[in-house]
Amino acid sequence: MPSAPQSAGPEDLSAPESFEGDYRPSASDAGAGTPEDSKPRALFHPHAADPHIRLEPLQLDFLMRLADALNTTLDLNTLMHRVADLVRAVIDYRIFAILLINDRTHELWMRFQTGHTPEVAAMRIKLGRGVIGQAALHRKSILVEDVRTLDNYIDANPNVRSELAVPLIVKNKVIGVLDIESEMPGYFTQDHQRLLELTASRIGVAVENARLYTRVSRQAQTLTVLHEISREITSILDLDDLLERIGQLLKRVIDFQMFTILLWNDRTEQFEHRFSTRYGERVPRSRDVRLGVGIIGAAAQDRAPVLSPDVRNDPRYIAENPETRAELAVPLIYKSKVIGVIDLEHTKVNYYNEDHQRTLTTLAAQIATSIVNARLYQRIFEDEQRMERDLEMARQVQLRLLPSAPPRTARAEIAASFEPARSIGGDVYDFLSYDTNRTVLALGDVSGKAAPAALYAALVSGILRSLAPQRLGPAELLAALNDQLQERKLDSQYVTMLMALWDDEAQTIHIANAGSVQPLQVYRTSTSLTDALEVHTIEAEGFPLGLFPNASYDEHTLPMQSGDLAVFFSDGIVDAQNSRGEMFGSERLALILKHHPTATDSAQSAVDAILEAVRTFRSGTDHFDDETIVVLRAL
């Protein structure tokens, strides 16, 4: 080894310009200078006519620069470039690579390289194969002056003659290999070997720190994405849309090629393909999976993820996709029950790793919850649709039970209106014609609302019509109806009812009340000079029907003059509320009948005036009770 060269004189050889990222030894690192000012420093090994290898003593200042270069970045790519520059600062290489060990496959792969072809860069080297594999396996550096003399040499580049491979060891564990190659025999020396051995430990620690930082950063990013995914999928209640969106969002954290969600069918006791994509396109799959069959069935049966690096070597795999190599199946568990399996496939061997498995397992719990919620919503939606259809049918039936039109008499006109609070209601009215002179008007309000009330109203209407041939008076008719309801008694179910009998010949109305709102009579006073209208409450009372046996009812007879009104209405009219919680009330109803300009023109005018006033009073507030009106006007 030649003696250290002397430094050039300050007038003849100026110091090189320094710049950020230059990790070559400074001029002061070269040692003592030569007395010859014009002679350049001997920086290279003199073993070749065109030397390429620097053999300057490694000074403390250079080690400090090395440490500074490695410790000032946690980005793995930046670190690899800096390492390459640092090695080039002391060894003028042409072919360079840093290979890291895959802990799962125990293979070395090139994390960074320069000078290699793409085919070589894509190679995977098993431990013990070639110079690099031997260095990693035996945990020591290997210097080969001529690779042609080795039996197990991997002839990836036929032009390579010499090679130096140094393992990167951190905490007594080999994490990779630093490898440099030359096309010249004997290009590398033992000084270079010792130099790289010295720097390899520092490089290994820096690489491991950068990898740890990368993993932590990736995990933080993954958790952020998982949070966004969880938040979004919980807002989707349509099952088909949810499954499609799960595939789209999952692509952000795992770059799969084939994606399938299977859901358990309790009836067939199999997992059914519910949603599948293949290279981004949705595809139909009809083959169902039994519990314990295949990788998917095994994941469900074991209630644990199944990661198959190479399905060709997995006896559980069912060859549905010939190009599949790697598969990851994770069960979807909700409240200790497997409701499905999410399955990912890829054409590359060893594509999925433990990070993918952890990510998908973490997300699987939220996916399972979202699927259960979507299926529950779908079931509720279908039930609501079915109920809506049933209610519409019930509404049509109820409307058929009501009179299609009021009866016509010679000396009176009748109008009626029924507006249920829901699709169907508990109010009921009917007209019974005894003969040409006598007509019964009935208005009832069943306790409760909606379907139960409507069914009970239908029962009341049927019994009422069955009693019509007896041609009973209002009080007797209420008593008979009460007796019939007692025979078909339902707990907490009753009906209030007004019963009136109009005698067209006598022009009188007979009224009996079974707990309903007291009706009103509108008439003109004969003593008034202005012919003013008066509104009188008909004081008829009685027990509701269906509550007490053997009930009897009083009957009131009122004469009617031409233009007089008898107004029957359910409590939904007077109990109507506005936005301030105020009730419409009987007094406001009486004022409408007394002062409305057209309320007494006809029976229909009276009905329209009342309904218009109630709607105006509510001002858009939904009515919570059925609203029924029956008006008789004497002619």
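Asn550 passes all but one of (1) under 23 Å from Glu627 (Cβ atoms); (2) of a type in the set (S, T, N, Q); (3) in a loop (DSSP other than H, G, I, E, B); which number fails?
All conditions pass for Asn550, except number (1).
Considering each of Arg287, Arg267 in turn, give the residue that is without any contact (Cβ under 8 Å) to a residue 12 or more places away in the chain, assigned by the TED database to the domain that holds Leu360 and in a loop (DSSP other than H, G, I, E, B).
Of the residues listed, the single one that is without any contact (Cβ under 8 Å) to a residue 12 or more places away in the chain, assigned by the TED database to the domain that holds Leu360 and in a loop (DSSP other than H, G, I, E, B) is Arg267.
Of the conditions (1) more than 19 Å from Glu208 (Cα to Cα); (2) in contact (Cβ under 8 Å) with a residue 24 or more places away in the chain, Ile98 satisfies every one except a single condition; which number is it?
(1)
Identify the single condition in (1) surrounded by 14 or more Cβ atoms within 10 Å (Cβ to Cβ); (2) touching a helix residue (DSSP H, G or I) at 6+ places or on another chain (Cβ under 8 Å); (3) not acidic (Asp, Glu) that Thr409 does not satisfy, given that it satisfies every other one.
(2)
Just wondering, is there one or more residues in segment 249-256 that are in a helix (DSSP H, G or I), in the same structural domain as Ala364 (by the TED database) and either closer than 23 Å to Tyr352 by Cα or of a type outside the set (A, V, I, L, M) (or both)?
We begin by selecting, within segment 249-256, every residue in a helix (DSSP H, G or I); these are 249-250.
Now restrict to residues that are in the same structural domain as Ala364 (by the TED database): 249-250.
Going one step further and asking which of them are either closer than 23 Å to Tyr352 by Cα or of a type outside the set (A, V, I, L, M) (or both), we end up with 249-250.
The answer is yes, given that some residue of segment 249-256 is in a helix (DSSP H, G or I), in the same structural domain as Ala364 (by the TED database) and either closer than 23 Å to Tyr352 by Cα or of a type outside the set (A, V, I, L, M) (or both).
Going through segment 391-434 one residue at a time, which ones are more than 28 Å from Thr600 (Cβ to Cβ), free of Cβ contacts under 8 Å to residues at least 24 places away in the same chain and of a type outside the set (S, T, N, Q)?
Across segment 391-434, the qualifying residues are Met393, Leu399, Arg400.
Taking only segment 552-573 into account, find how many residues are out of contact with any Asp or Glu (no Cβ under 9 Å at 6 or more places or on another chain) and either of a type in the set (Phe, Trp, Tyr) or closer than 16 Å to Glu419 by Cα (or both).
Qualifying residue count for the region: 1.
In segment 416-447, what count of residues is obtained for those that are touching a helix residue (DSSP H, G or I) at 6+ places or on another chain (Cβ under 9 Å), of a type in the set (Val, Ile, Thr) and surrounded by fewer than 24 Cβ atoms within 10 Å (Cβ to Cβ)?
Final tally of qualifying residues: 1.
Identify all residues within segment 597-622 that are more than 17 Å from His536 (Cβ to Cβ), surrounded by 12 or more Cβ atoms within 10 Å (Cβ to Cβ) and of a type outside the set (A, V, I, L, M, F, W, C); write none if there are none. Show your work before the answer.
Pass one, segment 597-622, residues more than 17 Å from His536 (Cβ to Cβ): 597-598, 601-605, 607-609, 611-622.
In the following step, the residues that additionally are surrounded by 12 or more Cβ atoms within 10 Å (Cβ to Cβ) were identified as 601-605, 607-609, 611-615, 617-618, 621.
Once the filter is applied, which keeps residues that are more than 17 Å from His536 (Cβ to Cβ), surrounded by 12 or more Cβ atoms within 10 Å (Cβ to Cβ) and of a type outside the set (A, V, I, L, M, F, W, C), segment 597-622 yields Asp601, Ser602, Gln604, Ser605, Asp608, Glu612, Arg615, Arg618, Thr621.
Restricting to strands (runs of 3 or more DSSP E) lying wholly in segment 100-146: which have 1 or more residues that are among the small types (Gly, Ala, Ser) and crowded, with 19+ Cβ neighbours inside 10 Å? Don't jump to the end; show me each part of the working.
Values: elements: 107-114, 124-126, 142-144.
The strands (runs of 3 or more DSSP E) meeting that bar number zero.
Is it fair to say Asn550 is among the polar types (S, T, N, Q), assigned by the TED database to the domain that holds Val440 and closer than 29 Å to Asp483 by Cβ? Walk me through it before giving the result.
Numbers: among the polar types (S, T, N, Q): yes; assigned by the TED database to the domain that holds Val440: yes; closer than 29 Å to Asp483 by Cβ: yes.
When the stated conditions are applied, Asn550 passes them.
For segment 559-568, check the following and say yes or no: at least one residue is of a type in the set (Ser, Thr, Tyr), in contact with a strand residue (DSSP E or B) (Cβ under 7 Å, 6 or more places away or on another chain) and either closer than 15 Å to Pro519 by Cα or assigned by the TED database to the domain that holds Leu459 (or both).
At the first step, the residues of segment 559-568 found to be of a type in the set (Ser, Thr, Tyr) are 562.
Adding the requirement that they be in contact with a strand residue (DSSP E or B) (Cβ under 7 Å, 6 or more places away or on another chain) leaves 562.
After this cut, where a residue has to be either closer than 15 Å to Pro519 by Cα or assigned by the TED database to the domain that holds Leu459 (or both) as well, the list is 562.
So far as segment 559-568 goes, yes, one or more of its residues are of a type in the set (Ser, Thr, Tyr), in contact with a strand residue (DSSP E or B) (Cβ under 7 Å, 6 or more places away or on another chain) and either closer than 15 Å to Pro519 by Cα or assigned by the TED database to the domain that holds Leu459 (or both).
Kindly provide the set of residues from segment 195-222 that are within 38 Å of the chain's Cα centre (by Cα) and either hydrophobic (A, V, I, L, M, F, W, C) or open to solvent by 70 Å² or more (accessible area, probe 1.4 Å) (or both), ordered by number.
Correct list: Asn209, Ala210, Leu212, Tyr213, Arg215, Val216, Arg218, Gln219, Ala220, Gln221.
The values are calculated or read from the model by the stated rules, or taken from the named source; none is laboratory data. Given the structure is predicted, the values throughout are model-derived calculations rather than measurements. A quick note on method: Cβ atoms are made from the backbone with ideal geometry, for glycine too, and the neighbour counts reach across all protein chains shown. Keep in mind that these areas ignore ligands, DNA and RNA; they rest on the heavy atoms of the full protein, side chains included. Shrake-Rupley method; radii C 1.70, N 1.55, O 1.52, S 1.80 Å.
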